[in-house]
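Peer 1: So that we are looking at the same thing, I have put the structure below in structure tokens.
The values are calculated or read from the model by the stated rules, or taken from the named source; none is laboratory data. Since this is a predicted model, take the numbers as computed values, not measurements. Note that we place each Cβ from the backbone using ideal geometry, even for glycine, and neighbour counts take in every protein chain shown.
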Amino acid sequence: MRASRALDPAAPAAVYRIAAAVELAHTYSLIHDDLPCMDDDDLRRGRPTLHRVFGPAIATVTGAALVPLAFRALLHGCRDLALPADRTAELALALARGIGAGGMVGGQWADLEAEGFGTALGADGLARIHAAKTGALFEAALRMGAAAGGGTPAQVGALGKYGAGIGLAFQVVDDLLDQSGDTAALGKTAGKDRRQDKATYPGLLGVAGARSRARDAVDQARGYLRAAGIASAELEAVGEWVLARHS
């Protein structure tokens, strides 16, 4: 995990079990996000979505099964790293908060509730949705990596804020790609935000304003790292990748 390497270049490979825990939780969110009762999408990563192949019931159960599996992978990773009980609990709490009602799930709910309101939601309301729907999982991933790498509370906090900022930028760019991208390149159906009248940054600020907001989020995120004395070319590169991505 990049956050671990930022603090400890010799971080053992076992940290990737913890990274797998985050990705398992992320995959659960994608399966459920694509369901007919959510965003009702036919494609994910260029392939038919799970519910299109196996039906909504199987997709729902599969997504739910990934949540305990994520925590199992996390606990195995903490055990392999011989992390003390209090640090293991810190990682588990970070993941639970990131994907729970105060984070990703709450953001998904708020996103659904905002359909049809468009620009009436305002910049602050949209920022809250994006911060929860996407930023919270990014924040959890960075906090977990920092804690696994032996970070101090200040370092864990700074990396968490970096993750939240990068997550916001990621979602803003996602909004832009949905508007201007190609379904084949994106691996998911383009143009769905407008058809579902989703609240988005391009809809609120225009394309140029949305791009500027994404850049501001990345620059602010980098500021947290620099203020904490964390020098990481890898993390700096992640920010630029987020801004430049096409899929």
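Peer 1: Do we have any residue at all in region 46-63 that's on the phi > 0 side of the Ramachandran plot and in contact (Cβ under 8 Å) with a residue 12 or more places away in the chain?
Peer 2: Checked against the condition, which is being on the phi > 0 side of the Ramachandran plot and in contact (Cβ under 8 Å) with a residue 12 or more places away in the chain, region 46-63 yields at least one hit.
Peer 1: Given GLY157, GLY151, GLY163, GLY181, which one is surrounded by 24 or more Cβ atoms within 10 Å (Cβ to Cβ) and either over 14 Å from the mean Cα position of the chain (by Cα) or modelled with pLDDT under 95 (or both)?
Peer 2: Being surrounded by 24 or more Cβ atoms within 10 Å (Cβ to Cβ) and either over 14 Å from the mean Cα position of the chain (by Cα) or modelled with pLDDT under 95 (or both) holds for just one of GLY157, GLY151, GLY163, GLY181, which is GLY151.
Peer 1: Looking at ARG215, ARG194, which is the one that is within 29 Å of GLY116 (Cα to Cα), in a helix (DSSP H, G or I) and modelled with pLDDT under 90?
Peer 2: Going through ARG215, ARG194 in turn, just one is within 29 Å of GLY116 (Cα to Cα), in a helix (DSSP H, G or I) and modelled with pLDDT under 90: ARG194.
Peer 1: Further question: Scan region 45-63 for residues that are surrounded by 15 or more Cβ atoms within 10 Å (Cβ to Cβ) and outside any helix (DSSP H, G or I) and jot them down.
Peer 2: Answer for region 45-63, where residues must be surrounded by 15 or more Cβ atoms within 10 Å (Cβ to Cβ) and outside any helix (DSSP H, G or I): just THR49.
Peer 1: Looking only at region 197-211, filter to residues that are more than 19 Å from the chain's Cα centre (by Cα) and within 19 Å of ILE129 (Cβ to Cβ); which one of those is modelled with the highest pLDDT?
Peer 2: Only one residue tops the list, namely GLY209.
Peer 1: Which condition breaks for LEU35 when tested against (1) under 30 Å from THR189 (Cα atoms); (2) assigned to a helix (DSSP H, G or I); (3) not charged (D, E, K, R)?
Peer 2: Of everything listed in (1) under 30 Å from THR189 (Cα atoms); (2) assigned to a helix (DSSP H, G or I); (3) not charged (D, E, K, R), LEU35 misses just condition (2).
Peer 1: Continuing with this model, one more query. Would you point out which residue out of LEU91, LEU30, LEU66, LEU83 is of a type in the set (A, V, I, L, M), assigned to a loop (DSSP other than H, G, I, E, B) and crowded, with 16+ Cβ neighbours inside 10 Å?
Peer 2: Answer to the selection: LEU83.
Peer 1: Conditions first: (1) over 20 Å from TRP241 (Cβ atoms); (2) under 13 Å from the mean Cα position of the chain (by Cα); (3) polar (S, T, N, Q). THR134 passes all but one, so which condition is the exception?
Peer 2: (1)
Peer 1: If the Cβ limit is 7 Å and pairs must be 6+ apart or interchain, which residue in region 200-211 that is over 13 Å from GLY122 (Cα atoms) and touching a residue at least 24 places away in the same chain (Cβ under 8 Å) pairs with which residue that is buried (at least 20 other Cβ atoms within 10 Å of the Cβ) and of a type in the set (Val, Ile, Thr)?
Peer 2: Between residues of region 200-211 that are over 13 Å from GLY122 (Cα atoms) and touching a residue at least 24 places away in the same chain (Cβ under 8 Å) and residues that are buried (at least 20 other Cβ atoms within 10 Å of the Cβ) and of a type in the set (Val, Ile, Thr), the close pairs are ALA210/VAL172.
Peer 1: Kindly indicate whether LEU112 is surrounded by 13 or more Cβ atoms within 10 Å (Cβ to Cβ) and either without any contact (Cβ under 8 Å) to a residue 60 or more places away in the chain or charged (D, E, K, R) (or both).
Peer 2: So LEU112 does not fit the description; no.
Peer 1: Within region 218-247, can you find the residues that are assigned to a loop (DSSP other than H, G, I, E, B) and under 16 Å from GLY151 (Cβ atoms)?
Peer 2: ALA228, GLY229, ILE230, ALA231, SER232 - these are the residues of region 218-247 that are assigned to a loop (DSSP other than H, G, I, E, B) and under 16 Å from GLY151 (Cβ atoms).
Peer 1: Looking only at residues that are modelled with pLDDT under 95 and of a type in the set (Asp, Glu) in region 218-247, which one is farthest from GLN155 (Cα to Cα)?
Peer 2: Result: GLU240.
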